[in-house]
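Okay, structure first, notes after.
The values are calculated or read from the model by the stated rules, or taken from the named source; none is laboratory data. Computed from a predicted structure; not experimentally measured. With ideal geometry, Cβ positions are generated from the backbone for all residues, glycine too; neighbour counts draw on all protein chains shown. Heads up: the accessible areas ignore ligands, DNA and RNA and are worked out on the full protein's heavy atoms, side chains in. Shrake-Rupley method; radii C 1.70, N 1.55, O 1.52, S 1.80 Å.
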Amino acid sequence: MTVHVLDDYYLAITLLVTIAYQLSGFAIAWILQFDKITDFTGGSNFFILALLSFLLSETKHARNIVTTVLVLIWAVRIAGFLLFRVLKMGSDTRFDDIRSHFLSFLGFWVGQIVWVWVVSLPVVVLNSPAISAGPVPDFGTPADIIGIIIWAIGWLIESEADIAKFRWKSTKPPKWQ
């Protein structure tokens with residue numbers, strides 16, 4: 001039996017979870033006037049939505065499992081790296097001009113709500129009853145294999161780029177660079 005929550009695509013529940021999670025992060029960051037959780041909250045929200053949509057769906061096809069696991073791996077890496085980076089750097093200078101301005105700071109978090117929810121839609125919809133309950137093609141098609149290869153290449157490039165940028169920023173280059 002598949003679980004239907006508000007709609008057959010899990011759009012409403014994942015949007016509500018994202019809004020609640022991000023606004024909770026905003027409240028903490030605003031009250032404490034710091035940005036140590038800002039990027040971590042964004043990255044970990046992807047993990048929450050992928051896992052939630054997967055667990056709500058009782059139909060577990062191989063494509064759903066593989067896609068969800070790949071999103072979870074990516075979310076752990078990005079959230080972990082972003083938390084590590086802000087803890088090492090001490091703060092995120094992107095927020096220096098807006099951290100103390102309620103509406104400007106909230107605007108960033110609203111943008112993060114939109115970003116996380118929209119980017120999460122493919123895995124959310126894939127795991128939804130509207131898609132998973134029906135007939136699905138067998139896993140292992142050329143498109144599946146190509147998708148996994150592209151994901152792996154992208155994951156490696158993003159990981160290396162984040163490390164390279166972090167190392168470069170750690171040298172304290174002039175602002176204009």
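Among the residues of the stretch 54-103, those identified as among the small types (Gly, Ala, Ser) and at pLDDT below 95 are SER57, GLY90, SER91, SER100. Only one entry in SER128, SER159 is open to solvent by less than 70 Å² (accessible area, probe 1.4 Å), closer than 23 Å to LEU6 by Cβ and touching a residue at least 40 places away in the same chain (Cβ under 8 Å), namely SER128. The set of residues in the stretch 38-71 that are free of Cβ contacts under 8 Å to residues at least 24 places away in the same chain and either closer than 30 Å to MET89 by Cβ or among the β-branched types (Val, Ile, Thr) (or both) comprises LEU51, ILE65, VAL69. Evaluating ASP39 against the criteria (1) under 21 Å from GLY154 (Cα atoms); (2) in a loop (DSSP other than H, G, I, E, B); (3) among the charged types (D, E, K, R) leaves one unmet condition, (2).
Against the list (1) surrounded by fewer than 21 Cβ atoms within 10 Å (Cβ to Cβ); (2) among the hydroxyl-bearing types (Ser, Thr, Tyr); (3) over 22 Å from ALA161 (Cβ atoms), the condition THR93 fails is (3). Within the stretch 132-156, the set of residues being hydrophobic (A, V, I, L, M, F, W, C) and in contact (Cβ under 8 Å) with a residue 40 or more places away in the chain comprises ALA133, VAL136, PHE139, ILE148, TRP151, TRP155. For the stretch 111-123, indicate whether the set of residues that are farther than 25 Å from LEU6 by Cβ and of a type outside the set (Phe, Trp, Tyr) is non-empty. Within the stretch 111-123 (the criterion being farther than 25 Å from LEU6 by Cβ and of a type outside the set (Phe, Trp, Tyr)), the answer is no, since none of the residues qualifies.
Rundown of residues vs (1) closer than 17 Å to VAL125 by Cβ; (2) surrounded by fewer than 16 Cβ atoms within 10 Å (Cβ to Cβ), yes/no style:
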{"position": "TYR9", "(1), (2)": "yes, no"}
{"position": "ILE19", "(1), (2)": "no, yes"}
{"position": "PHE26", "(1), (2)": "no, no"}
{"position": "ILE37", "(1), (2)": "no, no"}
{"position": "SER44", "(1), (2)": "no, no"}
{"position": "VAL71", "(1), (2)": "yes, no"}
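Here TRP176 meets the list (1) of a type in the set (A, V, I, L, M, F, W, C); (2) in a loop (DSSP other than H, G, I, E, B); (3) loosely packed, with under 14 Cβ neighbours inside 10 Å; (4) modelled with pLDDT of 90 or more almost entirely, failing just condition (4).
Considering (1) in a helix (DSSP H, G or I); (2) of a type in the set (Val, Ile, Thr); (3) at pLDDT below 95; (4) farther than 20 Å from SER159 by Cα, the lone condition that ILE28 does not fulfil carries the number (3).
Just to be sure before I move on: is ARG77 loosely packed, with under 14 Cβ neighbours inside 10 Å, within 24 Å of GLU158 (Cβ to Cβ) and either touching a Leu at 6+ places or on another chain (Cβ under 6 Å) or basic (Lys, Arg) (or both) in the structure I sent? So ARG77 fails the test. Taken residue by residue, the stretch 98-120 has at least one member that is closer than 22 Å to VAL17 by Cα, β-branched (Val, Ile, Thr), surrounded by 17 or more Cβ atoms within 10 Å (Cβ to Cβ) and in contact (Cβ under 8 Å) with a residue 24 or more places away in the chain. Contact map, the stretch 82-93: first residue within 13 Å of LYS172 (Cβ to Cβ), second residue among the charged types (D, E, K, R) and part of a helix (DSSP H, G or I), Cβ cut-off under 8 Å, separation 6 or more or different chains; pairs are MET89/LYS169.
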